[in-house]
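To keep things clear, I will list the structure first and then write my remarks on it.
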Amino acid sequence: MTPSGPDAVLDAGLTRRRFMWLAGLSAAGVAAGCATNPVTGQSQFMTVSEEEEIQIDRQYSPLQFSSDFGPAQEGALNAYVDGIGRSMAARSHRPHMPFSFRVVNATYINAYAFPGGSIACTRGILLNLDNEAELAALLGHEIGHVNARHTAEQMSKGQLSSILVGGLSILAEVAAPGMGQVASALGGAGAGAFLASYSRDNERQADALGTEYMVQSGYSPAGMVGLMEMLNGLNKSRPSSIEVMFATHPMSEERYQTAVRAARTTFADSRNLPLNRERYMDTTARLRSIKGAIEEMQKGDKAMGQKNFSQAETHYQAALKQAPDDYAGLVSMTKCLLMQKNYAEGARYARRAQAVFPQEAQGYHLGGFADLNRKEFDGALQSFRTSQRLLPQNPNTSFFIGYSYEGLGRRPEAAREYQRFLQQVRQGQQAQHAARRLQEWGYAR
Ligand SMILES: [Zn+2]
């Protein structure tokens, strides 16, 4: 009663994520009408209510945070970023929104916002900022996207589904060519898979709002100039590390020039406000002490994207030598080993990842994946159950639990999970497998 050919059905295609987004969007696109834009005060065609923005946020932001290896475990660093973000949001156009801010463990350079106000920046981007005012500019920009309701606006125009669906496959490729495939082969999502892509107009407005919010909060507008300078510089020197950010937040020389002009004109009186460089450097000291490890992980990710797994392994190994308990490093190493079908070693690294961050789902998901491929279905079942408890938003987990039950010969339980999975996902190889089994077993016509 052992399922055959696990590799064939264990790969999650883009179609599934595509479907998830569409399912989320069609559920959300119910109430049509006009709404007053909280930023401009003008009437705006809007089919998405504020409650729906919050609901979409709750459904998708946990998936993105997990894909980015969860929140950084350094409590002081998260509290610092959250404190700065919240105090800015409280003085902004939608202070009642459930804003929250965190650093995520990912090492690529990015920051993003979900429509309810869940905002994150990566460890990679923090390493490239020079002071607190630049961080405030970054968070202010993301608050601007939330407050101007850019995601909701795109959904209302009917653009988001196409932007996001188109964006998903493109992004997965852009994130690092091939990384989308690596992630999907392991039943996960590629970097940036759940992020909205903004237009250039959206970017202009978010920059303007961000500058306004940071100055209101007592920071020099030079922070926005510094941020733009840094992003423009990376665009030229290390484009691969920042592709996801630029795919979602279009960068341009114009954005930099606008920031320079605003600092000289509109906000000239605030130019002498502080940058708080010392406090930024103090709070990020521990993060900066493992800069070498983070750069090795970035190189490893690049090699993974090129499917150069042995080179990636060397980089992740070097990263873990410098930072042995780094969750992102351990999870990336696990992925790299699993892609090379080294399931025994992969399982070992997955357990280490679980041990250093027991509240995060990916370590368990990959551990379960390694066990499935070693036909250790009991262990797989345990791991996927834990993964599901930690990240119930991921419908893929139901498939893997069902698959583990199938391996154990427990058909009724397997059928129940496959049915649950098919309620959310109807396309792709896993859905086909689940539907076929239900048919064979007499649970479906
Ligand atoms: Zn943006």
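Each residue in the range 370-395 was checked for being within 24 Å of GLU345 (Cα to Cα) and open to solvent by less than 10 Å² (accessible area, probe 1.4 Å), and 5 of them qualify. Of the candidates LEU275, LEU330, LEU320, the single residue that is more than 22 Å from ALA113 (Cα to Cα) and over 23 Å from the mean Cα position of the chain (by Cα) is LEU275. Every condition in (1) among the hydroxyl-bearing types (Ser, Thr, Tyr); (2) more than 16 Å from the ligand (Cβ to nearest atom); (3) in contact (Cβ under 8 Å) with a residue 60 or more places away in the chain holds for SER100 except the one numbered (3). Quick check on my filter: what residues within the range 428-445 are surrounded by fewer than 15 Cβ atoms within 10 Å (Cβ to Cβ) and modelled with pLDDT under 90? GLN432, ARG445, listed by residue number.
With respect to (1) open to solvent by less than 10 Å² (accessible area, probe 1.4 Å); (2) in contact with a Ser or Thr (Cβ under 8 Å, 6 or more places away or on another chain); (3) at pLDDT 95 or above, the lone exception for ILE401 is condition (2).
Residue-wise test of (1) touching a helix residue (DSSP H, G or I) at 6+ places or on another chain (Cβ under 9 Å); (2) assigned to a helix (DSSP H, G or I); (3) modelled with pLDDT under 95.
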| position | (1), (2), (3) |
| --- | --- |
| PRO274 | yes, no, no |
| ASP282 | no, yes, no |
| GLU296 | yes, yes, no |
| GLN317 | yes, yes, no |
| PRO324 | yes, no, no |
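Taken over the range 219-270, the criterion of being in contact with a Ser or Thr (Cβ under 6 Å, 6 or more places away or on another chain) and either farther than 13 Å from ALA208 by Cα or small (Gly, Ala, Ser) (or both) is satisfied by THR248, ALA262. Taking the criterion of being open to solvent by 20 Å² or more (accessible area, probe 1.4 Å), closer than 23 Å to LEU127 by Cβ, more than 13 Å from the ligand (Cβ to nearest atom) and in a helix (DSSP H, G or I), the residues of the range 238-261 that qualify are PRO239, SER240, GLU243, TYR256. When the test is whether a residue is in contact with a Pro (Cβ under 8 Å, 6 or more places away or on another chain) and surrounded by 20 or more Cβ atoms within 10 Å (Cβ to Cβ), GLU203 passes it. When the residues of the range 268-298 are filtered to those that are crowded, with 20+ Cβ neighbours inside 10 Å and not polar (S, T, N, Q), the one that is nearest to ALA133 (Cα to Cα) is TYR280.
Suppose we keep only residues that are of a type in the set (A, V, I, L, M, F, W, C) and either open to solvent by 20 Å² or more (accessible area, probe 1.4 Å) or within 12 Å of ARG255 (Cα to Cα) (or both) within the range 216-234. Which one would you say is farthest from the ligand (Cβ to nearest atom)? Within the range 216-234, the match that is farthest from the ligand (Cβ to nearest atom) is ALA222.
For the range 93-102, a residue qualifies if it is surrounded by fewer than 24 Cβ atoms within 10 Å (Cβ to Cβ) and among the hydrophobic types (A, V, I, L, M, F, W, C), and exactly one does: MET97. Of the residues in the range 141-159, how many are in contact (Cβ under 8 Å) with a residue 60 or more places away in the chain and either within 11 Å of the ligand (Cβ to nearest atom) or β-branched (Val, Ile, Thr) (or both)? Within the range 141-159, residues that are in contact (Cβ under 8 Å) with a residue 60 or more places away in the chain and either within 11 Å of the ligand (Cβ to nearest atom) or β-branched (Val, Ile, Thr) (or both) number 7.
The values are calculated or read from the model by the stated rules, or taken from the named source; none is laboratory data. All of these numbers come straight from a predicted model, not from anything done at the bench. No Cβ is skipped: glycine too gets one built from the backbone with ideal geometry, and neighbour counts run over all protein chains shown. Please note that ligands, DNA and RNA were not included when accessible areas were found on the heavy atoms of the full protein model with its side chains. Shrake-Rupley method; radii C 1.70, N 1.55, O 1.52, S 1.80 Å.
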